[in-house]
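Reviewing the structure listed below.
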Amino acid sequence: MKTYTAHIIGTGRIAGYLEDDPLRDHPCTHAGAYKAVPYISLTSCTGSTIDKSLKFAMKFGIPYCYDRLQNLL
């Protein structure tokens, strides 16, 4: 099966942090959905600051993070 890569732009609640809400069905975020699909590899994320990107990347096991989309491109 072919594997696809994904990048998340924006590291806020709907991107991943709502996964911590026990009252929601899971996966309920972009990161949660990507992690649940075996043929999608979540490889990078971009947040508004490098600190937010690093925190998000560590939470979801994402190997690359950026503070600006231009750095990714």
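The values are calculated or read from the model by the stated rules, or taken from the named source; none is laboratory data. In this text, all values refer to a predicted model and were calculated from it rather than measured experimentally. In this analysis, Cβ positions are derived from the backbone assuming ideal geometry, glycine residues included, and neighbour counts consider all displayed protein chains. Surface areas here come from the heavy atoms of the whole protein model, side chains and all, with no ligands, DNA or RNA. Shrake-Rupley method; radii C 1.70, N 1.55, O 1.52, S 1.80 Å.
So, in region 1-30, how many residues would count as being under 19 Å from L73 (Cβ atoms) and not aliphatic (A, V, I, L, M)?
Counting residues in region 1-30 that are under 19 Å from L73 (Cβ atoms) and not aliphatic (A, V, I, L, M) gives 5.
Search region 1-16 for residues being hydroxyl-bearing (S, T, Y) and free of Cβ contacts under 8 Å to residues at least 40 places away in the same chain, and hand back the single one that is surrounded by the fewest Cβ atoms within 10 Å (Cβ to Cβ).
The selected residue is T3.
Which residues, taken from region 31-56, are buried (at least 21 other Cβ atoms within 10 Å of the Cβ) and β-branched (V, I, T)?
Across region 31-56, the qualifying residue is only T46.
Considering only region 1-48, state which residues are of a type in the set (A, V, I, L, M), assigned to a loop (DSSP other than H, G, I, E, B) and out of contact with any helix residue (DSSP H, G or I) (no Cβ under 7 Å at 6 or more places or on another chain).
M1, L23, V37
State which residue is farthest from the chain's Cα centre (by Cα) when the search covers only region 17-30 and only residues that are open to solvent by 60 Å² or more (accessible area, probe 1.4 Å) and farther than 22 Å from L69 by Cβ.
Across region 17-30, the extreme among qualifying residues is L23.
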